[in-house]
Amino acid sequence: MAEDKVGEARDTLMERLRSLHELFGRKVLTARLLGRQLVQLVSSDEARTICAEIPAKEQEARRLLIRMSDPEQWRNDSQKSEEERRNLFPARLVEVFRSKGEPSDEMLDAILDTANLPFFVGFVKDERGDNDGQKKNSRVSVLD
């Protein structure tokens, strides 16, 4: 049953990615508007459904792979102020979207993984309304 929900969520998000890809390819969407749409995509219930099914150890492994693939970018992004990271978040999603070519499961996973990076995940929660405008204390891992 959970697999059905994840499959349906994945199908819905893939359809949205295809639509965004087509609109962006026809230059109907600017990169800035595409970034906002991708933030909404990763903040959706469907994205939460997919992410909830990924085991914590696998999520951590994905974060480490991203960090190892470009440690300089990781260091730069993690050291920026909250406002700078909030502005950078949609741009990073657009970078992933553009780097993967045609919409695919790989593209969707890469976009969701980017949204779940420690220095961006709080903005996804803000978009969803989970934080209710209140700051919450968080712990920073040694790996961050």
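What accessible area per residue, rounded to a whole number of Å², is obtained for the chain using a probe radius of 1.4 Å?
Averaged over the residues of the chain, the accessible area is 64 Å².
Once you mark the trypsin sites (Lys or Arg not before Pro) that are in a DSSP loop and have at most 14 other Cβ atoms within 10 Å, what is the longest gap between them in the chain?
Result for the longest clean stretch: 81-134.
Quick check on the chain: what does the Kirkwood estimate of hydrodynamic radius come out to from the alpha carbon pairs, in Å?
15.8 Å
In whole Hz and in residue order, list the ³J(HN,Hα) couplings for segment 68-74 that follow from phi through the Karplus curve 6.51 cos²θ - 1.76 cosθ + 1.60, θ = phi - 60°; x for Gly and Pro.
Rounded to whole hertz, the list is 6, 5, 8, x, 5, 5, 4.
Excluding same-chain residues fewer than 8 positions from residue 27, which aspartates and glutamates have a Cα within less than 20 Å of its Cα?
15, 95, 102
Binning at 5 angstrom from zero up to the longest distance, how are the C-alpha pair distances of segment 55-123 distributed in percent?
Distribution as computed: 3, 16, 27, 28, 18, 7, 1 percent.
How large a share of the accessible area of the chain, in percent, is made up of carbon and sulfur atoms when the probe is 1.4 Å and the other protein chains stay in place?
48 percent
Once a ≥ b ≥ c are taken as the square roots of the eigenvalues of the Cα gyration tensor of segment 4-68, is the result rounded (a/c under 1.5), prolate (a/b larger than b/c) or oblate (a/b not larger than b/c)?
oblate
The values are calculated or read from the model by the stated rules, or taken from the named source; none is laboratory data. Bear in mind that the values here come from a model prediction, so they are computed numbers and not experimental data. Counting neighbours? That spans all protein chains shown, and the Cβs are built from the backbone with ideal geometry, glycine included. Just the protein is used for accessible areas: all its heavy atoms, side chains included, with ligands, DNA and RNA removed. Shrake-Rupley method; radii C 1.70, N 1.55, O 1.52, S 1.80 Å.
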